[in-house]
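Working notes, beginning with the structure itself.
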2 protein chains.
Amino acid sequence: MPAVDIRSLAKHLNLSPGTVSKALKDSYEISAETKKRVLSLAKKLNYVPNAYASGLRKKRSKTIAVVLPEVADSFFSIAINGIESVAQQKGYHVLIYLTHENFLKEKTILNDFKSGRVDGVLISVTRETIATKHILELQSSGMPVVLFDRIVDQIETAKVRTNDFESGYIATQHLIKRGCKNISYLSNSKSLGITNERMEGCRKALEENDLSIKKNFFIECSNDEANNYKRIKSLLSQKDCPDGILVSIEKLTIPVYQVCNELKLNIPGSLKVIGFSLSPSASILNPAITTITQPAYEIGEAAATLLFKSLEKSNFDLKNEKIILPSVLTIRSST
Amino acid sequence: MPAVDIRSLAKHLNLSPGTVSKALKDSYEISAETKKRVLSLAKKLNYVPNAYASGLRKKRSKTIAVVLPEVADSFFSIAINGIESVAQQKGYHVLIYLTHENFLKEKTILNDFKSGRVDGVLISVTRETIATKHILELQSSGMPVVLFDRIVDQIETAKVRTNDFESGYIATQHLIKRGCKNISYLSNSKSLGITNERMEGCRKALEENDLSIKKNFFIECSNDEANNYKRIKSLLSQKDCPDGILVSIEKLTIPVYQVCNELKLNIPGSLKVIGFSLSPSASILNPAITTITQPAYEIGEAAATLLFKSLEKSNFDLKNEKIILPSVLTIRSST
């Protein structure tokens, strides 16, 4: 009996050898139904892949890495689900590495990937990340890298994110429409591109409406919770206190609400609050908070899809891929 | 010049060779100061570990795995921080694997560890996990395994958890003290030990106070959010509706609050609510929710510490280690 090979499988199934080969490699180009037909016949006829192909396959760790600042944030925990939904279909493991916003940790993690532990990397950088050498080096070692959410402009690769500039603009316009004239903006590190873009959107809306941009109303918070609380309290205690606040980082919502409680500042009476947030508790806060919601699941899903395309198609160029998925304004009682 | 070895380092430093060896292996038994002295001299004298020792060391992946149901839950995202604090000190990577409450996924992940990808495993099982073969097999392959939070009684190894029975009892006693007579209990799968223990604690408090245990007030929720909402709405819509509710799973707080909003049920007037939760937003909900808070960070830290002890000391027996860290009741407006 002649050995069963891709050609004979293809003949049996009335498919092209290319389709059978791709189905055996679990390519995204092939439908689930066709894959099932191919795999079932391959099993029945006891198909053994030839050594060369099998060797190639074994080189793969069947694992992708997701490098994130943290998971105690709804955006990232939901984005992971989007990534895993794609990886699961492809039969890949997902490893999650946390940088805790520490650039040195990010560097060490990426360096470790060169040993071939993973086949591809999805990364959202720390807020300390300015240098790009560690990412460039990883790319030149042949590792496909996709940036999502917190991207770095200088790196040439696929980037998946939301429309941060427009979101900052829309959020500020909403506060202005609700009568705010003294608008404050709370952010994370300024080195982060997304923070800057949101802030630029906010500035543009203020300028268009001839509202003043007060330097001391633009506050750059840190990882130090006690200090953030103190700075927010000092902002909201001053005589000329803001009447609207745009919270560009989810976890800063909590100190803002707590400070308002402590100072007996009524939301939305004395202060209107809008936050970038995906927390499912937005609707049950006191009061329910108006939010800009990023499409976290879809961002994760799109980033993972691009990564797998580059793993499966040697001629697929990540550099050409830029995806922007819009955020959504949901108006609630806080404005 | 004779080669620098552990003995000569020890002589220089006036330490025993054993201490120097342990310091070079970054053992927890050696103080940070001594390690620093040893490493600094080793560097100065250009100490090169002998091939045998180095080979042994290289066998290690310097990586531990954390297997979790999900990260969109404050308990797990905080526990990870506790685990990472220990791993970082030891110079280890932490890989996070998510099971999404899927037993088959948990099985596949654990099976994959046998290839030596990681040196040790911390696991909190899925709510579907009843069978234990996958964990037993991993243990017999020589992999140290520590269970935390969601443990499995039948597995003989270190277990780190909170006092779930007492927490359920204390939470129910609190509702009774606030005048509740018809108490409902919302849980996850009954197969989970921790859910059962919390429920048994609740039952005991009801029995001691001669309050009836209504079968239809004990609701087992699922992963299906829409269905959970429906069941909670039906519970709170009935004529003989509960006057107190114990929410044993953090994420069920949101549908409870949303249903109360929809039905215009006042909390705490018509319904008193207490929840197992670590969410930092507990204090800013409408109304602020009374919580039972698990020591998540400490549980992660203790579990990781035990795992590293077993990696460092060949005679350390994980089986003898059982740690229970108590939860805390924080009373807020919802009761």
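The values are calculated or read from the model by the stated rules, or taken from the named source; none is laboratory data. The structure presented is a predicted model; accordingly, all values stated were derived computationally and were not measured. Counting neighbours? That spans all protein chains shown, and the Cβs are built from the backbone with ideal geometry, glycine included. Calculation scope for accessible area: heavy atoms of the full protein, side chains included, ligands and nucleic acids excluded. Shrake-Rupley method; radii C 1.70, N 1.55, O 1.52, S 1.80 Å.
Assorted remarks:
- Residue order by solvent-accessible surface for A:Ile232, B:Ile267, A:Ile331 is A:Ile331, B:Ile267, A:Ile232, largest first, with ligands and nucleic acids left out and a 1.4 Å probe.
- Among residues other than A:Thr290 with Cβ under 12 Å from its Cβ, the summed charge is +4 (Lys and Arg +1, Asp and Glu -1).
- Cut-off 12 Å between beta-carbons: net charge of the residues surrounding A:His12, Lys and Arg +1, Asp and Glu -1: +3
- Accessible surface of segment A:181-261 [probe 1.4 Å, protein heavy atoms]: carbon and sulfur percent: 45
- A simple rule links phi to the HN-Hα coupling: the Karplus curve 6.51 cos²θ - 1.76 cosθ + 1.60 with θ = phi - 60°, which for segment A:316-329 gives 7, 9, 4, 4, 7, 9, 10, 10, 10, 10, x, 8, 10, 8 Hz, with x for Gly and Pro.
- Measuring nothing but how far apart in sequence close Cα pairs (under 8 Å, 6+ apart) lie, relative to its length, segment B:241-335 scores a relative contact order of 31 percent.
- Of the trypsin sites (Lys or Arg not before Pro) found in segment A:161-253, those in coil by DSSP whose Cβ has at most 16 other Cβ atoms within 10 Å are A:Arg178, A:Lys181, A:Lys190, A:Lys214, A:Lys239.
- Modelled FRET efficiency - R0 41 Å, A:Ser270 with A:Asn315, Cβ distances, 0.05 increments: 0.10
- Working note: Karplus 6.51/-1.76/1.60 with θ = phi - 60° gives segment A:285-292 the couplings 6, 10, x, 3, 9, 5, 10, 9 Hz, where Gly and Pro are set to x.
- Long pairs among A:Lys11/A:Lys36; B:Lys159/B:Lys251; B:Lys11/B:Lys44; A:Lys22/A:Lys90, criterion Cα-Cα beyond 20 Å: B:Lys159/B:Lys251
- Helical runs assigned H by DSSP (4 residues or longer) give chain B a calculated mean residue ellipticity at 222 nm of -13500 deg cm²/dmol, each run adding -39500 (n - 2.57) before division by the residue total.
- Computed with a 1.4 Å probe over protein heavy atoms only, the accessible area of B:Asp153 comes to about 110 Å².
- Taking only Cα atoms of segment B:164-293, radius of gyration then Dmax in Å: 13.2, 35
- Near A:Thr63, the amide H atoms lying under 5 Å from its own belong to A:His93, A:Asp119; only residues 5 or more places off or on other chains count, and H is placed 1.01 Å from N.
- Residues whose amide H falls under 5 Å from that of B:Ile249, counting only those 5 or more places apart or on a different chain, are B:Phe276, with hydrogens built in the peptide plane.
- Sequence-distant residues sharing a close amide H with A:Ile96 (under 5 Å, placed H): A:Val66, B:Ile96
- Karplus 3J(HN,Hα) series, Hz, for segment B:147-161 with 6.51 cos²θ - 1.76 cosθ + 1.60 (x for Gly, Pro): 9, 9, 6, 8, 9, 10, 4, 5, 7, 8, 6, 5, 9, 10, 7
- Each copy carries A:Glu29; placing its label point 7 Å along the C-beta direction from Cα gives inter-copy distances of 5.9 nm, listed from smallest up.
- Placing a label point 7 Å from the Cα of B:Val4 along the Cα-to-Cβ direction, the distances to the matching points in the other copies come to 6.1 nm, shortest first.
- Accessible area buried by the pairing of A and B, both sides summed with a 1.4 Å probe, works out to roughly 2700 Å².
- For the set A:Glu106, B:Glu312, the ranking by accessible area, highest first and with no ligand, DNA or RNA atoms included, is B:Glu312, A:Glu106 under a 1.4 Å probe.
- Anisotropy class of the protein assembly as shown from Cα gyration tensor, a/c 1.5 cut: rounded
- Net charge over other residues, Cβ less than 10 angstrom from the Cβ of A:Pro268 (K, R count +1; D, E count -1): +2
- Three-way shape call for chain B based on the alpha-carbon gyration tensor, with the a/c threshold at 1.5: prolate
- Most mobile listed residue (A:Ala23, A:Ala303, A:Ala79) in chain A, GNM with C-alpha springs under 10 Å: A:Ala23
- Highest mobility in the GNM of chain A, judged by mean-square fluctuation with C-alpha springs under 10 Å and restricted to A:Pro280, A:Pro255, A:Pro242, is found for A:Pro280.
- On the basis of the beta-carbon distance and an R0 of 35 Å, B:Asn227 and A:Lys230 show a calculated FRET efficiency of 0.20.
- Label points for B:Asn196 are taken 7 Å from Cα along Cα→Cβ. From this copy to the others they lie 5.7 nm apart, shortest first.
- Solvent exposure, largest accessible area first (probe 1.4 Å, DNA, RNA and ligands not counted), of B:His12, A:His100, B:His134: B:His12, A:His100, B:His134
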